[in-house]
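The values are calculated or read from the model by the stated rules, or taken from the named source; none is laboratory data. Nothing here was measured: the structure is a model prediction, and the numbers come from that model. Using ideal geometry, Cβ is built from the backbone for each residue, glycine included, and neighbour counts are taken over all protein chains shown. To get the accessible areas, we keep the full protein, side chains included, count just its heavy atoms, and leave off ligands, DNA and RNA. Shrake-Rupley method; radii C 1.70, N 1.55, O 1.52, S 1.80 Å.
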Amino acid sequence: MPELPEIEAWRRALDAPLSAFPIERAGPAHIATLKTFDPPLSALEGRKLAGAERRAKRLLFPTDDGELVLLVHLMTAGRLRYLKAGEKGPKTPAFRLQFQGGSQLLLTEAGSKKRAGVWLLNPEEAELELGHLGPDALEVDAEALGAILASDSRRLHSLLRDQRAIAGIGRAWANEILHTAKLSPYALSGQLEPEEIDRLAAAIHSEMTRGLELRERGANDQKTYRVHRKLGEPCHVCGAPIAQVDFEEHTIYYCPDCQTGGRVLKDRRLSRLLR
């Protein structure tokens, strides 16, 4: 799933070109992708976008008259493509915006499950749609993080992925952040020492920044991640093999030497099979 670094890189790349020309045609959209019907997508036609904004893992494209906001959530497999005039793309994307002059913004989604979403809202509705999100990961300092951790005693990996607590971090970057902070993914949020909170806050900022810089340069997952999906590969800090813990819908990757004092965490999926 695209997370804060990936979404912010797209936002920066799309900000200028999407505001250059009025929208000539909005849609069509896959029936599972379009989440709203009033106002209709045709309400965008003839308007210009003010640029691209981001809130957590969502992209927002407000119109320059301030009346409408196009909100996009890519979920796991959604991807945005900006095509210049004359460039060819897929014939049936999940969503399309065509601009005067011939450029296009396309939303594509791999696989049969259409989970990515597009909403056309007024600004007040957009605020309500985003109201449950916590503070942006790039804006959380050690003091704010300490208050968040103290308010809910949970395993760190779970808390970091909770968009109501801290917005923008998902499975992959939670793995990277906890490795950089040298903290176990199973450590309880309410039991961290002040020095550990400082390390975690610094790791959130440094990993989000590193990821954004790499994504803006076009780096792929292999070159971006140092822990995530690196099972059995040597840790870039200590050389120990990266381990994993499997759950039904996600996998935690970590270094036993750097993060858990050499202890290998139990694989939850395997332990259930052995019961």
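For A32, neighbours were defined as the other residues whose beta-carbon sits under 10 Å from its Cβ, and their charges (Lys and Arg +1, Asp and Glu -1) total +3. Among the protein heavy atoms of the chain, carbon and sulfur supply 50% of the accessible surface, probe 1.4 Å, non-protein parts ignored. Helix 194-216 and the longest principal axis of the C-alpha atoms of the chain enclose an angle of approximately 40°. Taking θ as phi - 60° and the Karplus parameters 6.51, -1.76 and 1.60, the scalar couplings of the range 140-153 work out to 8, 9, 4, 5, 5, 5, x, 5, 5, 5, 6, 7, 7, 7 Hz in sequence order, x denoting glycine and proline. Other residues lying with their Cβ under 11 Å from the Cβ of E129 contribute a combined charge of 0, Lys and Arg counting +1, Asp and Glu -1. Rolling a 1.4 Å probe across the protein heavy atoms gives the range 96-145 an accessible surface of 48 Å² per residue. The smallest convex shape that holds all Cα atoms of the range 8-59, its convex hull, gives 99 Å³ per residue.
Close amide H pairs (under 5 Å, H built 1.01 Å from N) link K57 with G168, residues at least 5 positions away or on another chain. Give me the net charge for the shell around P90: Cβ to Cβ below 15 angstrom, other residues only, Lys and Arg +1, Asp and Glu -1. Counting the neighbours of P90, the net charge comes to +4.
Figure legend: label point modelled 7 angstrom from the Cα of R81 along Cα→Cβ; no residues of the range 40-56 have amide N under 20 Å from it. 3J(HN,Hα) along the range 73-90, derived from phi through the Karplus expression 6.51 cos²θ - 1.76 cosθ + 1.60 where θ = phi - 60°, amounts to 10, 7, 6, 7, 10, x, 9, 9, 10, 9, 10, 6, 4, x, 6, 9, x, x Hz, with x in place of Gly and Pro.
In loop segments of the range 192-244 as defined by DSSP, the trypsin sites (Lys or Arg not before Pro) with at most 10 further C-beta atoms inside 10 Å of their C-beta are R217.
The gain in end-to-end length when the E127 to L265 segment is fully stretched comes to 45.7 nm, 0.36 nm per residue minus the alpha carbon separation. The length gained on full extension between K113 and H250, counted as 0.36 nm times the residue separation minus their Cα-Cα distance, comes to 47.6 nm.
Charge dipole of the chain (Cα centre as origin; +1 on each Lys and Arg Cβ, -1 on each Asp and Glu Cβ, all else neutral): 1380 debye, rounded to the nearest 20. With each label modelled as a point 7 angstrom along the Cα→C-beta vector, the E196-R164 pair spans 2.4 nm.
Each part gets one Cα centre, and for the range 1-76 versus the range 175-237 those centres are 30 Å apart. To the nearest ten degrees, helix 171-181 and the longest principal axis of the Cα atoms of the chain are 40 degrees apart. The phi torsions of the range 108-118, fed into the Karplus equation with coefficients 6.51, -1.76 and 1.60 and a -60° offset, translate into couplings of 10, 8, 6, x, 7, 7, 9, 9, 4, x, 10 Hz, rounded to whole numbers, with Gly and Pro shown as x.
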